[in-house]
Structures are given as C-alpha cells and as structure tokens.
Amino acid sequence: MIISVNWLKQLTDIDIPVSELATLIGARLVEIEEVIDLGFKYKDVVIAKVVTCEKLEGSDHLNVTKLDDGGKTPDIERDGAGLIQVVCGAPNVRAGILVAWLPPGSIVPETHGDAEPFVLGSRKLRGVMSNGMIASSRELGLTDEHDGILEIDKDLAPGESFAKAYELDDYLLDIENKSLTHRPDCFGVIGFAREVAAIQGKPFKTPDWLAGLTPDFGDRFGDVLTPQVAIDDPSLSARYQAVVLSESDGSVKSPLQMQTYLARVGVRPISAVVDVTNYLMLATGQPLHAFDYDKLVRVGGGKAEIHVRAGKDKEKLELLDGREIELDQGDIVIAAGETAIGLAGAMGGANTAIDDNTKNIIIESATFNLYNLRATQMRHGIFSEAITRFTKGQPADLTAPVLAEAVRLMANAGGKRVSDVAESYPAPVTPSTITISIEKINGVLGSTFTAEQVAQVLGNVEFETSVNGNLVSFTAPYWRADIHIDEDVIEEIGRLSGFDEITPTLPKRDFTAVRISHFDQIRADIRRSLVRAGANEVLTYSFVHGNDLLKAGQKPEDSYRITNSISPQLQYYRQTLTPSLLGAVHGNIKHGYDNFALFEVNKAHPRQHGMTDENVPAEADMLALVVASKKLDEGAPYYQAKKMLDYLGTSLGLDLMYVPFESESNYPAAAPFEYRRSAMVTDRKTDTSLGIVGEYKKSVVRGFKLPEYSAGFEIGSVPLLDAIQKLTSSYRPLSRYPSTERDVCFKVSQSIHYSQIVDSIEQALKVTDLESTILPVDIYQAEETDTKNITVRIRLTPHDRTLTSNEVSTVMTQVIAQVILVTDAVVV
C-alpha cells in the first residue's frame, strides 16, 4: 500500500523530516518498506504557456509552437522575444493554453526507473529545431491517455514548477500492510493521517463530511423510482445503501489535482465518475461501486430491486473483466430480482456495466462479511484494491458519509441525485464504553502515566474519554471495531505513546523454571524413540484441503470448515494426522528419498469430539507414522510399521498386542487403512486401546501417489499416557544363564492369524518361570491352497539355572499342545 506524505499533510501537520516520520511510523504503527522520492521524478517538468502555434510546412499533423517559460530554464536557445521553440504533433495543441514542458536534458517521467530512461534533447524535426517536448498525461506517468498533450487546469504563471503546482514534490511511503489487517481505518489516508497525528502527540479532527453518521445528501432533482434493497441474510452484509444519479457525463475528466493523487498511489485515473469512487476509497477505506440503473431494472424484470444474498450452486456470472465464473454458496452476490449482477465486494457483472449509453447510475456503498470475501478472493483470484479493503472489515457506519460525499463530488461531472437513498441496515451497532483504572494501565505497561495523560493520548485519535478519579472511561469511534476489552485500550495507549518511551524495569516475580509435565515428557520420549528407530519427525499444518480428506477416505462434513482460511489449500481442520503425513510422502519420493519413515506428534480436531466450554473445537493429541519405500522386496509393509510401533512400545514399557479387524470401521482414524491388512493396537499389560496400525487402501495409495510399499499407524497420545501411568514396575535383571532358541512351523488354516499363534504360545509360557521372546520367522502360503505355514522362533531364558534339553523339550511340548488346541494346527 502506498501512502502520499503530501496527502497526509492536507489532513494533519507534519513538522519533522520524512526520514524521522518514517522511523516513527515504523516504531508505532506499521513497517515501512521503502520511502520513494516522487519529487525527483518530476523535478524538471516546467509549466509553460503556448504563445504561438503554427502548422509545420510539409506536415499534416506537426505544429511549431513558441513557449513562454517565464525565462526560468537556463542554457536553452530562445528567439528574440525569449520564447522557446518546440515541435508538437498533438491535435489539441493551440495558442493560449498552459502545458507541461520537458526541457532538454530532462528524463521523461514515464520512463523514470527504467533500465534505460528516455533523456530528452534538442533536435531537428522536418528541418525545424525542437527543444524538449510538450508532455501528454501518459508521458508524465499519470494516465494511459496519449491522444493529446496534458492541458494545465490551474491559473499558473509560466515557469512555475509542475511538481510544486500539483504537489508532486512528494514522498511516498510503501507500507507493509499485513500488520494492519485488523485496522480497516488505516487503509484510508484519513485514518492513516489520524494515526500520524497521534504518534506525533497531536490531536486529529476527522473532516466534517466523514464524521457525521446522518449526512446530508443534498437536493433531489428527479423522480426515478428508488430501488428496493433487501439483505436476505444479515450475516452476509451489515449494511447496504444505494442511490441513483442521472446526467453523469462519463467523458468528463476529474480535476488534474485529483488525478495526480490517484496516479501517485498506483490507481490510474479514468473519468470523473470512476475517479470519485477510487478517490473516496483511498481517502476513507470504503469502496464504492456503480451499476447502470436502467440495465439493472431490465435484468430485474422491470423492477428496481436489489438483493444481497449467497451464491447458488452452479450459478454463473460474467464479470466486468469478461470472465464467466461459477458461484459458490460462500460467495456474496448482488442480485436484481433473481439474477446475479455482481460479486459483492469483488467485481461487478457485465450485465449492468456502465457504457457510453448509460444515462442513470446506481452508486452502491455497503459492507460485507470479511470472511466470505476472503474465501471469494482466493476462490476466484480477485485481488483488487476494493476487495483488499473489504476483507479488513469495513464498519457499517462508514457507508453513509462516503456515499453522501460521492454524490457531492459527482455533481462536478453533472451528476444529479434523482432518487431517495435506499438502505438496509438490519442491526445498527451501538458503541460500548470501557472503564479502566489508571493503576491497571500502568501495571500492564510498566508506565507512570496519569489519568489525564492517557485520556489525552486516546483523545488525539478521537476516542471519547472521561476521567473520574483514578478511573478513565473510553468510547471508541465507529471506525475502531477492533476495540473490545481493557487490553485493547491499554495496547493503544502504549503504542501511541511509544513502547520505547517506557522505562524498562525487571518484572518482580519468581524466575523458578516450571517443571515439564508428565505428558510433555512422554511426548519427548516418543520423539526420541522414533528417531532412534530411524524415523524423521515432521510438523505439518493443522489444516488440510477437502480433497485430502476425501483421498484419505474421510468425510469433509466431519471436519470443521474454516471461513477465513489462510490458503485455498487449507480449508478444513484435520480429523487425524494421517492425511497430512501422506501428503508429504510423494514430495520426498520425488526428491530422491527411496526408503524413509515420517512421524508427527501433534493435534487434530475431529468434529465428533464437539466443542470446548470456550466454544472452540476440542483438540485430540495424536501420534502418527508412515513408512514408505520404492523397493518391493522387503516383505509386507505392515510388519515394518508394526516393528517401529513395537520398538516404541518396548521403549515405553508397554506390551503391545494386535487384534485384526473383522469388518470396515467407521472410526476416522481407520478410514485410510485397509481393514484386512490392519489391526487394532492394545497394551496387553493395562488393556488400554491405543489406535490402529496397517497398510493403506488402494484408493488412498493412488490418491496420494504413494509407493506400493506403504504402511503406518495412528494412535492417541492421551491413551498412550494413560497406559504408561497404569504400569507397575516389572524390572528384572539380566540373566547370567544362557538362552535357548527353538523354531517351530505350524500348518494352519488361512483364516488363522499370526497373532493367534503368538497369544497361544504366551498362554502356555505363563505357567513357567522362564523369560521368553517370540519372533516371526516366516509366513508361507502356496497358491490355490487354503492353508499356510507360520514359523516362529521361541527364545527361552532362565534366571536361576542352565536349562537341560529335557526341560526345553517339556516346555516346547506344552507350547505346541496349546497352539494345536487353540488353532487346530499341525506341526510340520
């Protein structure tokens, strides 16, 4: 955003150098990225009078002019009368007018800043010497017009500086406006000037035409049917006003002074009508829009009815830029009857565009739901000056004074108000008063202000203030909708006074470090364990695209949708961590990582968990991991994910067991997983259900472009903590006696799972005093058979003796008998 210092000076006194002003603004209001010396661009442009103008012999369009520059330009050829000869081909050049003359040696302003700026000289045209040039508006860098030269519209003396005459001896402040998102008033020069006055310690007075909430719209000159305005959904618009003007001449140009102020901040002047709307938007932050009234009536079936409503599915609208868009229910639409005629806050529709045949226009002044417009902005790629301001949340009370001033200014282009002001204002806002003790203000800021001083500080920015002993009451003006609580007021006092002016003092409190919670300690242990296992931790957004939810098999309606998302790609709160992790796999594969594991310890916000007491989505602490490899010769990926989860469980003291799914689960965490190749995870020691581990569905693999070798798990951090807290010490010293291993192969039905074999073995070993470990060796199933071979390795470790072969055989006989009893297995 560009702010003109000279425009600020029209509204408040600035008596410090621009460099100091920029520093002060940066410290107390907003960061300034660059200070641009605009005066340097126009320093050589001179006001000159065309004294004579004669056709150049042999040319059908060139004229030989003699200019009077008041004798101010040195070192230039003049005739006996002191006049300067310039050849000009503009059709509107003539004797008696004042022009902007660029002397030899000057740079054409339009090319200022180019790699090779155009430097003028003295040269012959058709054998006639021409000194410099008479500039058009485009050559001066003001507008796109190049059909003729710029005619000066002020009574000026020849030789005066063009820059001084039109206040172009200016400095421009290039503002980083992201930190002003909550301050719509500062997106207008008047609001910015108010802040500049206050940070200099000076009071500010808003122009009378803007301060009044019930302005005078002047006389009505005609009897056009006043439009009927209706806001169909008050959540979409707080206020909508419109008025009809007639006899506005679209060919009339706005005063050159206004054009220069528009041009210097990046808005191209077009016509008096358009320039007025842009000028008021830049001055106040309130955008306006104009419709062709007669086209609106025709589109509305002969009725002058305006509706503010939500877009409809599959509804189409052709915009002023020629694009046809498909509207969304989140868009706000201006409609004539049932037909959309504009995308509210963004761009008008082609069906009510103003053209050369327009006789009556409707000027719209309104405010719209900023969250809807932010989504509209992203959805349709519209980033105009108007929608930028609308997405900051314009106050409803601003619409009336700006509309009234537009009516007054458009009278200069012949515009006459021919209707009453149509309005819909469902819920007028009543300002609230905040009362704070001076002790609280000083206690928060660490300052020593008096009640009178803080009242003066905010009085400078037009807060209504009153002092009653040690209590100060503050009522914010209508343009400060961001003031709600005590701390908002206290922050303003500190900012405007200058936080750097507060004497720093050390806080008088205990600096004893806070002991880390058990939950945070467990999460730190989880991170260390998984990193030791070879996994890489990632941190992803808590928000996902709706398509990611669908690709993961989850339903978008089960997620909270964000109305003011920071990106079109981040529209929903995630239900689980897995979609975010899966979205990171393909990018790593593309970057050449063939075999890796990613994990995240973070929060999700599943909708079924409801809202908290503070009416915000409840959080679910989760842990998720995904393993991926482009190699396909490493067995089933399920076991790789299970191996990492087993390692984690062992490091935390848990004894994990895995129960196969019998059918598809509706649980969101289970949605991405293929239930036939997945299992529910439970801690055997505490009987605590933790989560799920398994391979992903084919549709998920395709949707996220995963390698075929992909699997993962997602478990709840809180259940994990609960299981750990329930544990009792099971410490046992390492045995001094040798272990013995035996491999056994069981032939079982294909319906028998590996976990059933393990459970049977563990049941048999419970009656012994031996420490045991059970490991899978092989699972084999021949084609077209209904049986499979499961081979396990059993390690037996005594703690009080060396086992004999007879003891080992006895134990193994008991194990085999238990497995046969439970699974009907055959030992092979």
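The numbers here are math on the coordinates, done by the rules we state, and not lab data. Bear in mind that the values here come from a model prediction, so they are computed numbers and not experimental data. Cβ: placed from backbone, ideal geometry, glycine included. Neighbour counts: every protein chain shown.
A compact table of results
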read-out: Relative contact order, percent, the chain [alpha-carbon distance under 8 Å, six or more residues apart]; value: 8
read-out: Relative contact order of region 44-160, pairs being alpha-carbon contacts under 8 Å that are 6 or more residues apart, as %; value: 30
read-out: Fraction of antiparallel bridges per DSSP, the chain only, in percent to nearest 5; value: 95
read-out: Model label zone, Leu727; criterion: amide N under 13 Å from point 7 Å along Cα-to-beta-carbon; scope region 520-543; value: 522-523, 525-526, 529
read-out: Region 75-136 and region 277-319: distance between their alpha carbon centers, rounded to Å; value: 45
read-out: Amide H contacts under 5 Å for Leu62, placed H, 5+ residues apart; value: Leu56
read-out: FRET efficiency, 1/(1 + (r/R0)^6) with R0 51 Å, evaluated for Asn92 and His518 via beta carbons; value: 0.05
read-out: Spacing of the two label points (7 Å from each Cα toward its C-beta) at Asp355 and Val828, in nm; value: 8.4
read-out: Pairwise label distance in nanometres, Ile2 with Val429, each label 7 Å out on the Cα-Cβ vector; value: 3.0
read-out: Per-peptide average of other Cβ atoms within 10 Å, ordering 251-259, 238-246 highest first; value: 238-246, 251-259
read-out: Taking region 740-827 and dividing mean pair separation by its residue count, relative contact order in percent (alpha carbons under 8 Å, at least six apart); value: 45
read-out: Among 618-628, 547-557, the order from most to least packed when residues are scored by Cβ within 10 Å on average; value: 618-628, 547-557
read-out: Karplus 3J(HN,Hα) series, Hz, for region 208-220 with 6.51 cos²θ - 1.76 cosθ + 1.60 (x for Gly, Pro); value: 4, 5, 9, 6, x, 8, 10, x, 8, 8, x, 6, 9
read-out: Charged-residue dipole, Cβ positions (Lys, Arg, Asp, Glu), the chain about Cα centre, Debye nearest 20; value: 1920
read-out: At R0 = 51 Å, FRET efficiency that the Cβ-Cβ distance of Asp510 and Glu762 yields, to 0.05; value: 0.50
read-out: Packing-based order for 660-668, 328-336, using average beta carbon neighbours within 10 Å, highest first; value: 328-336, 660-668
read-out: Test item: Cα-centred dipole of region 740-827, Lys/Arg +1 and Asp/Glu -1 on Cβ, debye; value: 160
read-out: Debye intensity ratio I(q)/I(0), log10, region 645-791, q values 0.08, 0.09, 0.18 Å⁻¹ (C-alpha model); value: -0.29, -0.37, -1.28
read-out: Taking all pairs of distinct alpha-carbon atoms in region 763-828, Kirkwood radius in angstrom; value: 13.5
read-out: Extension reserve of the Asp144-Asp37 stretch, reckoned as 0.36 nm per residue once the Cα distance is removed; value: 36.3 nm
read-out: Descending semi-axes in Å of region 133-262, equivalent ellipsoid built from Cα gyration tensor; value: 34, 27, 16
read-out: Zone of Lys685's modelled label, taken as backbone nitrogen in region 632-662 under 17 Å from a point 7 Å along Cα→Cβ; value: 645-658
read-out: Label-point separation in nm, Leu821 to Thr111, each point 7 Å along Cα→Cβ; value: 10.1
read-out: Contour excess over end-to-end distance, with Cα ends at Val252 and Val467 and 0.36 nm allotted per residue; value: 72.2 nm
read-out: Förster-model FRET efficiency, 22 Å R0, Asp594 and Tyr780, C-beta, rounded to 0.05; value: 0.20
read-out: Zone of Asp525's modelled label, taken as backbone nitrogen in region 711-740 under 19 Å from a point 7 Å along Cα→Cβ; value: 715-733
read-out: Gain upon complete extension [Thr802, Asp488; 0.36 nm per residue less C-alpha separation]; value: 105.4 nm
